[in-house]
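Okay, so here's the structure we're looking at.
The values are calculated or read from the model by the stated rules, or taken from the named source; none is laboratory data. Just so we're clear, the structure is a prediction, and the values are computed from it rather than from any experiment. So basically every Cβ, Gly included, is an ideal-geometry build from the backbone, and we count neighbours across all protein chains shown.
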């Protein structure tokens, strides 16, 4: 026994001696001054450290071998160097300052070089992304309609996204993928700067607030395996990261004024800077417009402020506040017959939607050592969402202007805290990374449904006393509590191979306390039944989600990755008790469970091609969906657990730098071609519903294609993009499209469509002019059939539109 213990100790000690370190300083070649906040990146292992205020750095736990390093700072040229490690090494990296006279094309080419280097690394801050399918949208690279938050252009290099086109200047983001409903991005955990921004993470995971693209530095998209760190959802994570305050300026002003079709006007104005240890970033964004259909005006005001204080190079405290208020008139949905006769038609003049959002966040970050980091996020939401209007499921039915409108009001009051500790430690012949975290979430939300006013104005006042027999009335409180503990560990088995297992332990307690009214009227609208039914639901559950990821570095630029993760989706408020004329909810509806998995290869071939190709699988048990049926002689759309489903496909992305391939010396030119394709298939493998088993899953086009050409010379940049989605179904029965439908417009497939977009920009000193045309071919199409607001019915997408933006930066 003693011999075994001794052998193990000798074994461990021998490996500990194999660990080496690389330390030193990053300086300017021009002045010799140290460069703080420079990133020193081991591209071979994806480890990265940031220099302190004196330009010093240290990377520990490096095994003997040869590695490719990159050193980056925003004001300097990127330095790449191959280094052999066979002992502790001290080095000095010298970076060359960038010339101030760089053209826009040269700056863009540098950003693309940085993009090739800086995908989501294995470890960023206190988060682990090793082995996960992750994508980063670098906003400096986006060429498109930022003023109207055109998601089709902004997310054009994120594979397989299904996007709703609302034509409301991007007030709401509606994206999904892999069979997930795009409505208000409800199947992703949506965050900004690392904290939640949706209405209620479990009970009402819809996002009514979306940050303006002009304020963002990047958008991180991590697919289903992110459920271990960021929640239980099938979609994964979307994290909006705001621009950082410039460290070399006390004040920086950016002002962007935009105009466009249908009286679009947006004004974005930001102030940012750093004064000693204090830094700030704040903006005000105003949007107004009318939409291309009658009864579709909107006005939005959005304010954001970030204040940070660096106690030292290891400790930072920051506070953020977000305010959003917008009101939008909604022209309603159309039947198929109405859409093909005139997609601009609207017979809803009294439908309005109002959102008021207040987000708070206090963030604390501390680095205990070069190996251990801690973060704590405290966040809260005080918000409301109000919708009023006429929304009968007979879409063609004219609005009775003498009758009260239906009013739905939701008040959201929630807060949460998330703590993370990430530590690096030596294990055998490499450095491992351990993450442990916990999140507590407390929500106390309120929802009321009933008669509104007769007025056509945006009034959100209940009139229950005047209309006691209004057929849809309910009032509920939804107190929810959630405690989660999660952890992951990167085991670097070799210099090239890492395995990352993880877990998430969930405790969820969701309640519904309130009442709804059962009202039956005769043909003369006299009440036969008017009774109140009390409800008190309490659903408490605990469970564990498990997952594992793996990564194998083929070389310093190319990687194989794979992951598997369990997922879970809770029943939402809407599943519990919203009375909807367009569908009924199965009272026995229950949660969804399943898993997601990816296997792929990604990387860069020199400076010619960046790519990502993967196959994925997503399995649902008791998937929630909608089917058509007949009750009491009427066609009824019922929402409930439809059955088990399997979704699988191939997702590929490639960006070919044609300029570097054939004209590498042409520094002042840009020419790139990108191809983004997803081929997705699906099947309901089991179902007790009639005419469902064997059907395709809804919201899945078999072909999802985005391709485009980006080109430029000197200070001129331009891009041309084509988007194509094949036919997709909107319900589990795979109801076909009925072009002669002149009643509902809720059921049926969405036909294939293609859109061409053009954008261009020109920079001159402190000014930048942007312009473009969306839907250049003026195709008539639609991307959704709404069962509630903003419908019900077909929501037509925008025809050809133009925009122009003028930016001033000082």
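Worth pointing out:
- Scanning the range 435-462 for residues that are within 24 Å of the chain's Cα centre (by Cα) and farther than 24 Å from residue 492 by Cα yields 438, 439, 440, 441, 442, 443, 445.
- Members of the range 25-69 found to be over 23 Å from residue 423 (Cα atoms) and either buried (at least 21 other Cβ atoms within 10 Å of the Cβ) or touching a helix residue (DSSP H, G or I) at 6+ places or on another chain (Cβ under 6 Å) (or both), listed by number: 26, 35
- Subset of the range 603-630 [in a strand (DSSP E or B) and closer than 30 Å to residue 659 by Cβ]: 603, 604, 605, 609, 610, 611, 612, 613, 614
Condition check ((1) closer than 28 Å to residue 401 by Cβ; (2) part of a loop (DSSP other than H, G, I, E, B)) across all residues:
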| site | (1), (2) |
| --- | --- |
| 308 | no, no |
| 319 | no, no |
| 331 | yes, yes |
| 337 | yes, no |
| 353 | yes, no |
| 357 | no, no |
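- Matching option when the condition is touching a residue at least 40 places away in the same chain (Cβ under 8 Å), in contact with a strand residue (DSSP E or B) (Cβ under 7 Å, 6 or more places away or on another chain) and closer than 30 Å to residue 349 by Cβ, among 462, 503, 486: 462
- Per the listing 510, 494, the residue uniquely under 28 Å from residue 425 (Cα atoms) and either assigned to a strand (DSSP E or B) or at pLDDT below 95 (or both) is 494.
So that you can scan it fast, the table gives a plain yes or no per residue for (1) touching a residue at least 40 places away in the same chain (Cβ under 8 Å); (2) within 22 Å of the chain's Cα centre (by Cα); (3) surrounded by 16 or more Cβ atoms within 10 Å (Cβ to Cβ):
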| position | (1), (2), (3) |
| --- | --- |
| 343 | yes, no, yes |
| 348 | yes, no, yes |
| 359 | yes, yes, yes |
| 364 | yes, no, no |
| 398 | yes, no, no |
| 403 | yes, no, no |
| 433 | yes, no, yes |
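Residue-by-condition table, conditions (1) part of a loop (DSSP other than H, G, I, E, B); (2) buried (at least 21 other Cβ atoms within 10 Å of the Cβ); (3) at pLDDT below 95:
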| position | (1), (2), (3) |
| --- | --- |
| 589 | yes, no, yes |
| 641 | no, yes, yes |
| 664 | yes, no, yes |
| 673 | no, no, no |
| 691 | yes, no, yes |
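- The residues on offer are 714, 678, and the sole one that is farther than 20 Å from residue 774 by Cβ and touching a helix residue (DSSP H, G or I) at 6+ places or on another chain (Cβ under 8 Å) is 714.
- From the list 352, 415, 357, 309, the lone residue that is within 30 Å of residue 747 (Cβ to Cβ), at pLDDT 95 or above and out of contact with any helix residue (DSSP H, G or I) (no Cβ under 7 Å at 6 or more places or on another chain) is 352.
- Any pair with Cβ under 6 angstrom, 6 or more apart, that starts in the range 24-46 at a residue that is at positive phi and ends at one that is assigned to a loop (DSSP other than H, G, I, E, B): 46/121; 46/122
- Yes/no for residue 424 being out of contact with any helix residue (DSSP H, G or I) (no Cβ under 9 Å at 6 or more places or on another chain), surrounded by fewer than 17 Cβ atoms within 10 Å (Cβ to Cβ) and touching a residue at least 60 places away in the same chain (Cβ under 8 Å): no
- One residue stands out in the range 368-396 among those that are part of a strand (DSSP E or B) and surrounded by fewer than 16 Cβ atoms within 10 Å (Cβ to Cβ): the one that is farthest from the chain's Cα centre (by Cα), namely 372.
- Positions within the range 181-220 being in contact with a strand residue (DSSP E or B) (Cβ under 7 Å, 6 or more places away or on another chain), free of Cβ contacts under 8 Å to residues at least 60 places away in the same chain, assigned to a loop (DSSP other than H, G, I, E, B) and farther than 27 Å from residue 805 by Cα, in sequence order: 188, 198
- Candidates 261, 270, 255, 207: the one that is at pLDDT 95 or above and touching a helix residue (DSSP H, G or I) at 6+ places or on another chain (Cβ under 7 Å) is 270.
- Segments classed as strands (runs of 3 or more DSSP E), wholly inside the range 736-807, with at least 3 members that are surrounded by fewer than 23 Cβ atoms within 10 Å (Cβ to Cβ) and either out of contact with any helix residue (DSSP H, G or I) (no Cβ under 9 Å at 6 or more places or on another chain) or without any contact (Cβ under 8 Å) to a residue 40 or more places away in the chain (or both): 753-764, 767-774
- Taken together, the residues in the range 413-457 that are part of a loop (DSSP other than H, G, I, E, B) and closer than 26 Å to residue 44 by Cβ amount to 2.
- Boolean, residue 536 is modelled with pLDDT under 95 and under 24 Å from the mean Cα position of the chain (by Cα): no
- Check on residue 276, on the phi > 0 side of the Ramachandran plot and crowded, with 16+ Cβ neighbours inside 10 Å: no
- Sole exception among (1) touching a helix residue (DSSP H, G or I) at 6+ places or on another chain (Cβ under 6 Å); (2) at pLDDT below 95 for residue 345, by number: (2)
- Residue among 539, 554, 521 that alone is under 30 Å from residue 229 (Cβ atoms), in contact (Cβ under 8 Å) with a residue 12 or more places away in the chain, out of contact with any helix residue (DSSP H, G or I) (no Cβ under 9 Å at 6 or more places or on another chain) and surrounded by 13 or more Cβ atoms within 10 Å (Cβ to Cβ): 539
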